[in-house]
Each structure stands twice: as C-alpha cells, then as structure tokens.
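Report on the structure given below.
The values are calculated or read from the model by the stated rules, or taken from the named source; none is laboratory data. All figures in this text were calculated on a predicted structure; none of them were measured in a lab. In this analysis, Cβ positions are derived from the backbone assuming ideal geometry, glycine residues included, and neighbour counts consider all displayed protein chains. With ligands, DNA and RNA removed, areas are computed over all heavy atoms of the protein, side chains included. Shrake-Rupley method; radii C 1.70, N 1.55, O 1.52, S 1.80 Å.
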Amino acid sequence: MTQAKENAALAALDFVEDGMTLGLGSGSTAEIFIEHLGLRIAGGMKVQGVPTSQRTAECAREFGVPMVDADMVEKIHLTIDGADEVDPQFNLIKGGGACLLREKIIADASDRMVVIVDSAKMVDMLGAFPLPIEIDPFAMPLTAEKIYAALLKTGCEAGQTVLRQKKDGSGPLITDGGHYILDSKCRNIPDPVATARALAAIPGVMEHGLFIDVASVIVVGEDDHAKVMELSRE
Ligand code: 5RP
C-alpha cells in the first residue's frame, strides 16, 4: 500500500511547476508527496506551500518546503491532497484525518486539485467509508439528529453517527479549527450532490467531507505504476 501511495505522490510531482504556490493536503499520502517535494526543492525547484493542517505544516517544515500563511496568500495554483474515497465522477470523501474544513477551503481556492490515492480508494459509489462531518461542539446531539435526517432524506442508508474520539481516549477529537467530527456510517450515498447540499444547510455543520466538483485530476497509485485520470472543469 505504501508503495502505491508513493507512486501516486511521485506522479503528482509532474503537475508542479517552478514558481507555483501549492495547497498542501493532509494525511499519509500527502505527507509522502511533501517529502518528495522537499527533495525537488533541495535540487533547486522554487515553490511555496499553504498547509491544510498543523501536522502538514510540521511535515513541510521537516522536509524543507517553504510555507506561506493562508491569511497572506493571494493565489493557489494547485492543491495536492489525498482522499478516503473517489467515485467515477471524481467526487470525494475526505476528512479521515480530521482536516476536511481547511482542506476544502484551500482546494476550493485553488486553480486545480490533484488527488493522490492508492487504488483501494476507488469506488463505484461513495459511502462505505464513514462520512466525516465537522460540526460546532454547541448542541452537538441536536446537530447530529439533523444530520441523520438529512442523510436518510437524500437516500443514504444512514446508520450510526459516531463522535470521533482522540486516539489516546481522553475525549472527543478537536480539529485544528476547534470543532468536533461526526463520522456517519452512510453505507452508500446514491446522490452525493443532494447529500452535500442538505448537510451544508444544517446550522452547526461547519463543513462536510463530500468534495463535489473540486478535483480535476486523480492519480491512482498501484504497486508498480500510477495511472493519471483527468477531467476538464472549464
Ligand atoms: C485528511 C484527509 C486525507 O486526505 C484522507 O484521510 C486520506 O488519508 P491517507 O492518505 O492517509 O489515506 O482527508 O483529512
């Protein structure tokens, strides 16, 4: 699996050009990309990155990738990020690493988003991976109830919604933005556009992990090569 992620990350470097400002995604695949980007920079390439999480900022620092603060950046040419699931229309589930709000802000502000995944992430229909939803902690059970209803109404086989916990078990996970994550076991999401719209309309939902019409390139890594798929979003 790691080799497949590495092959995807390496192939994504072909999209990077001197002078670019890059959105730097979060997660293990994005971190492999950042490590290789650091090697290119050490070899003379001139780019700067906008990190989508504190962890990614630490990774960029470690591998010598110059950073620009998200508050200061005027243009982002390209974002490279991983995903938890990708469907044939290039719709994504993201947020497995709890960074979906900042990832979506940066990807949406970019001219182009290149997604790097191993082939296990490619699905016919989104939803087997529990959908991460970033919510304000205030009145969490009321927001969770609205989410459950929205998922059912838009055709998901909505099951349990779980409040994500910290790995050390010391309480709910808090995102970089100070929010909770609810993981919704949808099982399938037959109409991602309708589900995305319904979730976005719920007060208390800061952002959901459905990335619709954002990615224009998917790089799928296998153990011995990577396949590049492109979609025109002109
Ligand atoms: C973080 C994300 C990640 O991109 C997603 O979880 C994939 O991670 P990995 O590359 O480790 O499989 O959305 O919020």
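Here are the numbers:
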quantity: Electrostatic dipole magnitude of the range 43-172 [Cβ: Lys, Arg +1; Asp, Glu -1; Cα centre; debye, to 20]; calculated: 140 debye
quantity: Over 21 Å between alpha carbons, listed pairs K121/K227; K94/K185; K121/K166; K75/K227; calculated: K121/K166; K75/K227
quantity: Cα-based radius of gyration of the range 131-208 once divided by 2.2 N^0.38 Å, which approximates compact folds; calculated: 1.05
quantity: Assigned charges on the beta-carbon of Lys, Arg, Asp, Glu; the chain dipole about Cα centre (debye); calculated: 540 debye
quantity: Euclidean distance between Cα centres, the range 73-91 to the range 180-211, Å; calculated: 17 Å
quantity: Share, in percent, of DSSP beta bridges within the chain that are antiparallel, nearest 5; calculated: 55 percent
quantity: Per-selection Rg to Rh, the chain - Cα, Kirkwood hydrodynamic radius; calculated: 0.97
quantity: Most positive-pole-ward Cα, A128, G171, V217, against dipole of the range 107-234 from beta carbon charges; calculated: G171
quantity: Positive-pole candidate from H77, G159, I105, dipole of the range 49-179, charges at beta carbon; calculated: G159
quantity: Unpartnered cysteines - no second Cys beta carbon under 4.7 Å - across the chain; calculated: C59, C99
quantity: Relative contact order of the chain, pairs being alpha-carbon contacts under 8 Å that are 6 or more residues apart, as %; calculated: 25 percent
quantity: Neighbour net charge for G204 - beta-carbon separation under 13 angstrom, K R +1, D E -1; calculated: -3
quantity: Cleavage-rule hits, trypsin sites (Lys or Arg not before Pro), the range 57-96, DSSP coil, Cβ neighbours within 10 Å at most 10; calculated: K75
quantity: Net dipole in debye of the range 131-208 [+1 Lys, Arg Cβ; -1 Asp, Glu Cβ; about Cα centre; nearest 20]; calculated: 180 debye
quantity: Derived scalar couplings ³J(HN,Hα) [the range 77-91; Karplus, 6.51 cos²θ - 1.76 cosθ + 1.60; whole Hz; x for Gly, Pro]; calculated: 6, 7, 10, 10, 8, x, 7, 8, 8, 9, 9, x, 8, 6, 6
quantity: Trypsin sites (Lys or Arg not before Pro) within the range 122-192: DSSP coil, no more than 15 neighbouring Cβ in 10 Å; calculated: K166, K167, R187
quantity: Nearest-ten-degree value, helix 140-153 long axis tilted from longest Cα axis of the chain; calculated: 90 degrees
quantity: Solvent-accessible surface (1.4 angstrom probe) belonging to R40, in square angstrom, nearest 10; calculated: 100 Å²
quantity: The range 131-208, relative contact order [Cα under 8 Å, separation at least 6], %; calculated: 46 percent
